[in-house]
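Reviewing the structure listed below.
The values are calculated or read from the model by the stated rules, or taken from the named source; none is laboratory data. Nothing here was measured: the structure is a model prediction, and the numbers come from that model. Using ideal geometry, Cβ is built from the backbone for each residue, glycine included, and neighbour counts are taken over all protein chains shown.
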Amino acid sequence: MILSLPVFSGGCADRTDSGTPVVFEEETESEKEQITIGFSQLGAESDWRSANTDSMLSSFTDEYGYSLIYENGQQKQSYQITELRSFIQQEVDYILLAPVTESGWDGVLEEAAEAEIPVILVDRRVDADKSLYSCWLGSDFELESRKLCEWVDAYTRARGMEPSDLNIIHIQGTMGSTAQMGRSRGLANAVREKGWNILGQMSGDFTETKGREVMTAYLKRFDNINVVYCENDNEAIGAIQAIESAGRTAGPDIDKGDILVVSFDGVTEDILSVAASGKIAAIAECNPQHGPKVRALIEALEAGESVEKFNYVDERIFSALPEVTEVTVDGVVYPIERIE
Ligand code: GYE
């Protein structure tokens, strides 16, 4: 909370020794209430990230009683650490951190704790001691993956394929990020349990450019790829470009030579229309609308209430293909949202 000192202007007047009137102004309601937030966003690598940044920027406005300092870490942890230190120096009321990777945050989080500035983690997590942050809000990345893998299994069976027919390229996200680790773990377990084949596995850093580069290289090396598991939609777009440049097709007819592309996010109309065409066969939704939920957490903390340490957002799974209508994970049934 900013405790503003009285400022000079028209309000109640006093008189100095020299006789000059000194005027104090009552602070306005909004000045009294204003909470200063330092938000270190990890980068601008994907459509998901842009939607997430928009959600945060539009939730911490003057109108809601916040003053937000936004910084973009450009996918570099060292930049994010510098940003946090500057927030500490500016004595912000809260730090919001969307960390690029999980490890290496202990030192700067201890500095924030010493300065008694609460830290809220957004999207990805850190592996530091849990006492060093107030709470976290984001997705269950492994659950997203398990839903998508169940979809791949059900869909390929419906197309008359055996699990051992699946030859998968796995384009990973930023290595060491929570999203990558959860989505890679989900696939690794499915590969083992179902008996699929992984031909290659490499990071595409959640970007279209790297997704295209990785896929281009694998298409030169293997001629039997029939599934590409991309850890986000931007990588999938890059992979589809590589597939088409190599004279292959990305599509649902995996039993007739198409390469089946699956991915995560589903946040823009453009991506959903790519999925409607079947070029991306299924997308496990990753919900970027964190702003209002983080604001509610801060309001609860301000009111002295205790909040859950780990807060999950709800997510769906999308496909335009009619073969699979639902998937079940841990006994919970998730309907497939049909996109047209
Ligand atoms: O899925 C991807 C982004 O951490 C959930 O990061 C996020 C992921 C998101 O670059 O598109």
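Quick notes on this one:
- Selection count, segment 183-227, where residues are aliphatic (A, V, I, L, M) and assigned to a loop (DSSP other than H, G, I, E, B): 1
- Qualifying positions in segment 269-292 - within 15 Å of the ligand (Cβ to nearest atom), more than 14 Å from the chain's Cα centre (by Cα) and not hydrophobic (A, V, I, L, M, F, W, C): 270
- Residue count for segment 41-73 satisfying the condition of being surrounded by fewer than 17 Cβ atoms within 10 Å (Cβ to Cβ), touching a residue at least 12 places away in the same chain (Cβ under 8 Å) and assigned to a loop (DSSP other than H, G, I, E, B): 1.
- Residues that are crowded, with 16+ Cβ neighbours inside 10 Å, away from the ligand (no atom under 16 Å from the Cβ) and not aromatic (Phe, Trp, Tyr), drawn from segment 74-106: 81, 83, 84, 88, 92, 93, 95, 104
- Whether a residue is without any contact (Cβ under 8 Å) to a residue 60 or more places away in the chain, in a helix (DSSP H, G or I), of a type in the set (Lys, Arg) and more than 20 Å from residue 177 (Cα to Cα) was assessed, and residue 279 does not pass this test.
- Residue check for residue 109: part of a strand (DSSP E or B), at pLDDT 95 or above and surrounded by 13 or more Cβ atoms within 10 Å (Cβ to Cβ): no
- Candidates 114, 162, filtered to the one that is surrounded by fewer than 18 Cβ atoms within 10 Å (Cβ to Cβ), outside the structural domain of residue 307 (by TED's automatic domain parsing) and out of contact with any helix residue (DSSP H, G or I) (no Cβ under 8 Å at 6 or more places or on another chain): 162
- Sole exception among (1) among the aromatic types (Phe, Trp, Tyr); (2) more than 16 Å from the ligand (Cβ to nearest atom); (3) closer than 29 Å to residue 244 by Cα for residue 229, by number: (2)
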